[in-house]
Amino acid sequence: MIKVITIEREYGSGAANIASAIADRLGWKLWDREITAEIARRLKCKDEMVAEREERLDSMFYRLIKAFMRGSFEARIDTAGLEVLDAEHLAFLFEKVVNEIAEHGNCVIVGRGANWFLRHRDDAFHAFLYAPYEEKMRRTLAQGETEREATHLLESVDRERAAFIRKYYGKEWPDRSLYNLMINTKVGDEAVVTTLLSAVDVLNARRQATSQSFA
């Protein structure tokens with residue numbers, strides 16, 4: 001039986017609201033910003049510090065600061081703080097936390113490479129949400145972003161996610177072979193939720209029938 005649903009997404013595709021609706025429908029725990037908060041709790045830092053660096057490579061400025069401080073005797077304490085917040089350490093922490101979450105089951109996990117980390121679990125269902133540029137722009141503007149901000153986000157966020165996945169996991173993003181379902185969210189949130197949950201039901205029923213045939 002499926003006990004974990006991972007939602008990977010293009011920026012602006014509405015994944016946050018859709019994942020929340022799926023979790024509510026199932027009565028499961030949603031892990032989206034909650035993962036950021038959990039990482040921050042473990043690192044004893046603010047959520048914003050993790051959010052600024054997750055699913056993206058270290059900025060050139062950040063890498064230069066680290067390189068400079070590594071050679072500074074006076075800055076050793078501060079360097080330690082930078083080390084645990086760089087992309088490499090966050091990638092390791094995401095894998096650790098995501099696997100711990102999956103062990104508890106009955107959860108919906110958004111992004112953070114969860115579909116890759118949990119690719120060998122038979123109780124996990126992996127979905128990818130995408131949308132045409134115009135639809136992503138509409139959704140992003142509806143969140144209160146200016147057109148200039150929305151354009152920048154749509155052009156940069158997914159590029160950074162792809163670079164992060166390529167560098168730390170050696171995979172192209174999105175890797176279609178990892179997903180049970182890929183769906184265009186232009187059809188509307190309710191249609192996406194219904195379609196995804198129906199696919200989960202079909203997969204559960206097929207597995208149950210298969211197990212009974214061998215009983």
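The values are calculated or read from the model by the stated rules, or taken from the named source; none is laboratory data. Here the structure is a predicted model, which is why all the values come from computation and not from measurement. Don't worry about glycine lacking a Cβ; one is built from the backbone with ideal geometry, like all the others, and counts go over all protein chains shown. Note: areas computed on protein heavy atoms with side chains; ligands, DNA, RNA excluded. Shrake-Rupley method; radii C 1.70, N 1.55, O 1.52, S 1.80 Å.
What do you reckon, is A209 part of a helix (DSSP H, G or I) and loosely packed, with under 15 Cβ neighbours inside 10 Å?
yes
Which residues, counting only those in the stretch 1-44, are basic (K, R) and in a helix (DSSP H, G or I)?
Scanning the stretch 1-44 gives R25, R33, R41, R42.
Under the condition of being open to solvent by 10 Å² or more (accessible area, probe 1.4 Å) and modelled with pLDDT of 85 or more, which residue from the stretch 83-100 is farthest from E172 (Cα to Cα)?
In this case the residue turns out to be E100.
Could you list, in sequence order, the residues of the stretch 45-56 that are acidic (D, E) and part of a helix (DSSP H, G or I)?
Answer for the stretch 45-56, where residues must be acidic (D, E) and part of a helix (DSSP H, G or I): D47, E48.
Quick one: would you say A199 is open to solvent by 20 Å² or more (accessible area, probe 1.4 Å) and free of Cβ contacts under 8 Å to residues at least 24 places away in the same chain?
So A199 does not fit the description; no.
Could you give me the residue pairs with C-beta distances under 8 Å whose first residue belongs to the stretch 10-36 and is within 12 Å of F128 (Cα to Cα), whose second residue is of a type in the set (S, T, Y) and open to solvent by 50 Å² or more (accessible area, probe 1.4 Å) wherever it lies, and which are 6+ apart or on separate chains?
E10/Y130; S13/Y130
Conditions tested, residue by residue: (1) touching a helix residue (DSSP H, G or I) at 6+ places or on another chain (Cβ under 6 Å); (2) of a type in the set (F, W, Y).
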residue	(1), (2)
E100	no, no
A114	yes, no
R119	yes, no
F125	yes, yes
L129	yes, no
G144	no, no
V157	no, no
R161	no, no
Y169	yes, yes
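Regarding R166, is this residue of a type in the set (K, R), at pLDDT below 90 and open to solvent by 90 Å² or more (accessible area, probe 1.4 Å)?
Answer is yes for this residue.
Each row is one residue, and each column tells you yes or no for (1) open to solvent by less than 70 Å² (accessible area, probe 1.4 Å); (2) assigned to a loop (DSSP other than H, G, I, E, B); (3) within 19 Å of S13 (Cα to Cα).
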{"residue": "R121", "(1), (2), (3)": "yes, yes, no"}
{"residue": "E134", "(1), (2), (3)": "no, no, yes"}
{"residue": "R138", "(1), (2), (3)": "no, no, yes"}
{"residue": "L153", "(1), (2), (3)": "yes, no, yes"}
{"residue": "K186", "(1), (2), (3)": "no, no, yes"}
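Among the candidates E160, E172, which residue alone is in contact (Cβ under 8 Å) with a residue 12 or more places away in the chain and among the charged types (D, E, K, R)?
Being in contact (Cβ under 8 Å) with a residue 12 or more places away in the chain and among the charged types (D, E, K, R) holds for just one of E160, E172, which is E160.
Of the residues G111, G144, which is open to solvent by less than 30 Å² (accessible area, probe 1.4 Å), under 21 Å from N17 (Cβ atoms) and either more than 17 Å from the chain's Cα centre (by Cα) or in contact (Cβ under 8 Å) with a residue 60 or more places away in the chain (or both)?
The conditions single out G111.
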